[in-house]
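Data block below; observations after.
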Amino acid sequence: MSTSVTACVLMELEVAEGAGLPVAVELSYTSTDPYAVRMTFPQPGPGDQPITWCFARELLIDGLSARSGMGDVRVTPCPARSGPSRRTMSPPRPDDRIRLSLRVGPQQAALSIGAYALKAFLDSTCSLVPPGRESGHLDIDTALERIITSGT
């Protein structure tokens, strides 16, 4: 049985009002760290290391239908403007997007991802580890050993 889920998705980095640059991003999830999702961006320049953000899976799940997060990571649904006004995204339309605002100190970036792509990834993670069952997948002894040995 698979213990991880990985998806390569195309996100859009907002560079100006209404303008964005496509960015290929890897989303990953593993049952050994069941509360977290990792988002890895490609190398920003030659010789640079990829940049990885790690945040709660629940933040993304909540962000499919309502604003979620505070501080450095915020997730906001952006329903398609066409058609009748909607307050939620259940189910998302093909042109709905999810906006992620990321901040490090004074630096910030805003990206968006298609709601379908994000929901498909999250559905795969929930099939692997259903929400509310994450604690059953934690190896507390190994985690404690890692913490203790990294401090020496």
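The values are calculated or read from the model by the stated rules, or taken from the named source; none is laboratory data. Small disclaimer: the values here were computed from a predicted structure and weren't measured. We place every Cβ from the backbone using ideal geometry, glycine too, and count neighbours over all the protein chains shown. These accessible areas exclude ligands, DNA and RNA; they are computed on the full protein's heavy atoms, side chains included. Shrake-Rupley method; radii C 1.70, N 1.55, O 1.52, S 1.80 Å.
Here is how the numbers come out for the structure above:
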quantity: Qualifying positions in the range 15-32 - touching a Lys or Arg at 6+ places or on another chain (Cβ under 9 Å), crowded, with 17+ Cβ neighbours inside 10 Å and not polar (S, T, N, Q); calculated: 27, 29
quantity: Close pairs (9 angstrom Cβ cut-off, 6 or more residues apart or separate chains): farther than 27 Å from residue 3 by Cβ in the range 14-34, open to solvent by 70 Å² or more (accessible area, probe 1.4 Å) and of a type in the set (Lys, Arg) anywhere; calculated: 14/99
quantity: Residue in the range 46-57 that is buried (at least 18 other Cβ atoms within 10 Å of the Cβ) and touching a strand residue (DSSP E or B) at 6+ places or on another chain (Cβ under 6 Å) present; calculated: yes
quantity: Any chance residue 24 is farther than 23 Å from residue 126 by Cβ and at pLDDT 90 or above; calculated: yes
quantity: Conditions (1) open to solvent by less than 80 Å² (accessible area, probe 1.4 Å); (2) in contact with a helix residue (DSSP H, G or I) (Cβ under 6 Å, 6 or more places away or on another chain); number of the one not met by residue 35; calculated: (1)
